[in-house]
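As structure tokens, the structure follows; a few thoughts come after it.
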Amino acid sequence: MHKNYRVIFSDQTKNEVSEISRVTYLELIEKKVFGGKKRDVKILRAESQGDQIASFKVTTTSEEGTKLVSYYSLVLENKHWKVVQDLVYMEAK
């Protein structure tokens, strides 16, 4: 995870968009607000531009049926790929 990592979250169940910083995101994982549920993950698309930028489109579906579509942006930094941004779309049920 890049030091400038952030999540842009579009929640269609509430019709709102929010931004979550790296620090807040890690706190939410630690508090078990995020994560901990079994999910089905599918990589739909992977692309790269040059040697230092890549993106992935991923769907994540929980056992309850919640479906997230994520667009991850990555950069190559010091020979390691790091996620800079997660653009998430939560589909309304």
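The values are calculated or read from the model by the stated rules, or taken from the named source; none is laboratory data. Note that the structure is a prediction, hence the values are computed from the model and not measured. Counting neighbours? That spans all protein chains shown, and the Cβs are built from the backbone with ideal geometry, glycine included. Heavy atoms of the whole protein, side chains included, go into the accessibility calculation; ligands, DNA and RNA do not. Shrake-Rupley method; radii C 1.70, N 1.55, O 1.52, S 1.80 Å.
I'd like the full set of residues that are over 20 Å from SER73 (Cβ atoms) and not in a loop (DSSP other than H, G, I, E, B), limited to the stretch 15-27. Once the filter is applied, which keeps residues that are over 20 Å from SER73 (Cβ atoms) and not in a loop (DSSP other than H, G, I, E, B), the stretch 15-27 yields GLU16, GLU27. On the basis of being of a type in the set (Gly, Ala, Ser) and open to solvent by less than 70 Å² (accessible area, probe 1.4 Å), does SER70 make the cut? Considered against the rule, which asks whether it is of a type in the set (Gly, Ala, Ser) and open to solvent by less than 70 Å² (accessible area, probe 1.4 Å), SER70 comes out as yes.
Could you please let me know if THR13 is over 24 Å from HIS80 (Cα atoms) and touching a Lys or Arg at 6+ places or on another chain (Cβ under 6 Å)? For THR13, the condition - over 24 Å from HIS80 (Cα atoms) and touching a Lys or Arg at 6+ places or on another chain (Cβ under 6 Å) - is not met. Against the condition surrounded by 13 or more Cβ atoms within 10 Å (Cβ to Cβ) and under 13 Å from GLU91 (Cα atoms), how does THR61 come out, does it pass? Spelling it out, THR61 is indeed surrounded by 13 or more Cβ atoms within 10 Å (Cβ to Cβ) and under 13 Å from GLU91 (Cα atoms).
Residues considered: SER10, SER21. Of these, the only one that is among the small types (Gly, Ala, Ser) and under 18 Å from THR59 (Cα atoms) is SER10.
One line per residue, one yes/no per condition, for (1) of a type outside the set (Val, Ile, Thr); (2) in a loop (DSSP other than H, G, I, E, B):
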{"residue": "ILE8", "(1), (2)": "no, no"}
{"residue": "THR13", "(1), (2)": "no, yes"}
{"residue": "GLY35", "(1), (2)": "yes, yes"}
{"residue": "ILE43", "(1), (2)": "no, no"}
